[in-house]
1. Would you call Y252 of a type outside the set (D, E, K, R), within 15 Å of G297 (Cα to Cα) and not in a helix (DSSP H, G or I)?
2. Checking W263 against (1) away from ligand 2 (no atom under 16 Å from the Cβ); (2) part of a helix (DSSP H, G or I); (3) crowded, with 22+ Cβ neighbours inside 10 Å, only one condition comes out false. Which one?
3. Give the residues of region 512-552 that are under 22 Å from H502 (Cβ atoms), assigned to a strand (DSSP E or B) and either in contact with a Gly (Cβ under 7 Å, 6 or more places away or on another chain) or of a type in the set (S, T, Y) (or both), sorted by residue number.
4. Looking at region 66-84 only, could you name the residues that are in contact (Cβ under 8 Å) with a residue 60 or more places away in the chain and surrounded by fewer than 20 Cβ atoms within 10 Å (Cβ to Cβ)?
5. Mind checking which helices (runs of 4 or more DSSP H) fall wholly inside region 435-480 and carry at least 3 residues that are surrounded by fewer than 19 Cβ atoms within 10 Å (Cβ to Cβ)?
6. Would you call D153 out of contact with any Asp or Glu (no Cβ under 8 Å at 6 or more places or on another chain) and more than 16 Å from ligand 1 (Cβ to nearest atom)?
7. Given the criteria more than 13 Å from H158 (Cα to Cα) and within 16 Å of ligand 1 (Cβ to nearest atom), does A74 qualify?
8. Kindly evaluate F246 against the criterion of being away from ligand 2 (no atom under 16 Å from the Cβ), surrounded by 19 or more Cβ atoms within 10 Å (Cβ to Cβ) and assigned to a helix (DSSP H, G or I).
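The values are calculated or read from the model by the stated rules, or taken from the named source; none is laboratory data. All values reported here derive from a predicted model rather than from experimental measurement. Quick reminder, even Gly has a Cβ in these numbers, built from the backbone with ideal geometry, and neighbours come from all protein chains shown.
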Amino acid sequence: MADDAARLTPRHAVALIALGALVLAARIHPAVRAEGADPAVFWNGATVYFLLTDRFQNGDPGNDRALGRAHDGALLRSFEGGDLAGVLRKLDEGYFDSLGVDAIWLTPFVEQIHGSVDEGTGKTYGYHGYWTRDWTAVDPALGTKDDLRALVDAAHRHGIRVFMDAVINHTGPVTPQDPAWPDDWVRTGPNCTYRDYATTVDCTLVATLPDVRTERDDPVDLPAALIEKWQREGRLNRERAELDAFFARTGYPRAPRYYLIKWLTDWVREFGFDGYRVDTAKHFGETVSGELKREAGRAFADWKRAHPAQVQDSLPFYMMGEVYGYEPSQGRAYDFGDRTVDFFANGYDGLINFGFKRDAAGPLDDLFTRYATALRSGALRGVAILNYVSSHDDGSPYDLNRTDPMGAGTRLLLASGGAQIYYGDELARPLTVAGTQGDANLRSVMNWADLERGGRTADILRHWRKLGRFRRAHPAVGAGEHHRLQAQPYIFSRILDANGLHDRVLVAMDQGAGAKSIPVFGVFPDGTELVDAYSGVRGKARHGRITLTTGFGLVLLSERR
Ligand SMILES: [Ca+2]
Ligand SMILES: [Ca+2]
């Protein structure tokens, strides 16, 4: 896979100049620099924006019906037009900078099945990206390799990392247009019953999803359907030669998982993806994750060597896993019933936290204290978690009806651990859509129109932006030591001293609008010039307190620099 240097089109250049001040503001703070940082500190302090590319922004209506896929699925179960060009447009507009985003996680962009299936929730296409047909091609409904390159390059220019969503457990469903993978590549039964390790791993997640034989070490041939496809596309010889080189270099047998590892890591080597979000991580052997991570690390190092001007810093390749049901109270050991597995010891730097939505409904200080303690001195010291209030697969999110989108933002973005903003959390995008079945409810088209109307949606976004930028400027928020200073109204501090990084913040809640006097004793010495990131109001610590007049009840204090 050949590569080009970064290309800066005139349009990008104009957008960059327009954004100059904003980008500078987001990047100049010494505390946000990741150079030499402890990866766990960086990622627990980070904000990840997770979006379904097909549902986020349509940048090119010309690709909406690519591959002849019709818009004839059940409600919100066809391709809806969103694409890589749309994500690039929002990057250029500075949308992610405005939210303090450190990394974008894209749903898988590889070529999906061409047909559709009905799993009991209506006719469904692979708009979500988890139904792979060819791991080596970009789905034409989402764009081209050039679009992908432009997106990753633009993100990097904004100091934003990009995660690729890596699926290794299963292929897409078989349809009249999508041939089955050979039997030596996949199993089509039994269905997983989730009673123990074997009934979670060596089985099909759902009846329609052929399970890749990731445990197999015996060599298999390239599927005839792929040979035929690549021949038609004029790249069979090149793909074969690359596979030969990969197997010669690694010494791995030509077993199914190693083909997939080669294909998945090629995207890192060619485009410079900074990390993976690994799909269905508990449904294939954990040793496979370790192998994937090793090869991805090599690929990332190769990319850095080939693109010295685009390297952001020394932060290593990041791998975050979807171990469904994992939460910090489990420590490092995920329990399958008959066996526990430490995924952090098998390639994962971080795991998605499926407990946050429930923990966030309880007392805030309990949540903050528990997470900060686990991450700083408890079982999770040295690793990262990623919290969320809503997600694409979670039918019982923190606030299904979006009754309190401001409170959701406060909880998520001020919690210890990484924060995942699921696209539209910041605009109270509805998570239920009349007439829609199952998970498609969670995947509605981004409600930009609500934002254009302003009003409450704009207020919600303003709140998320202030918190997101505060979080980005202050790694202490997600990765610092937590201290409760006052129970009611709630005041706490976060202090981070790690690898030469010194950062401290103080947050006061429920202060009411108007004049307020907040104790800062023990956090900021008298005479310290402070700024409230929520209102922009400044002041000085005197007699262990700061007196401010702001229009808000929430105060986000840090030292003025
Ligand atoms: Ca489109
Ligand atoms: Ca499996």
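1. Numbers: of a type outside the set (D, E, K, R): yes; within 15 Å of G297 (Cα to Cα): no; not in a helix (DSSP H, G or I): yes.
No; evaluated as a whole, the condition is false for this residue.
2. (3)
3. Once the filter is applied, which keeps residues that are under 22 Å from H502 (Cβ atoms), assigned to a strand (DSSP E or B) and either in contact with a Gly (Cβ under 7 Å, 6 or more places away or on another chain) or of a type in the set (S, T, Y) (or both), region 512-552 yields P519, L530, K540, I546.
4. A66, L67, A74, L75
5. Passing ranges, in order: 448-452, 455-473.
6. Working: out of contact with any Asp or Glu (no Cβ under 8 Å at 6 or more places or on another chain): yes; more than 16 Å from ligand 1 (Cβ to nearest atom): yes.
For D153, the condition - out of contact with any Asp or Glu (no Cβ under 8 Å at 6 or more places or on another chain) and more than 16 Å from ligand 1 (Cβ to nearest atom) - is met.
7. no
8. Numbers: away from ligand 2 (no atom under 16 Å from the Cβ): yes; surrounded by 19 or more Cβ atoms within 10 Å (Cβ to Cβ): yes; assigned to a helix (DSSP H, G or I): yes.
The answer is yes for F246.
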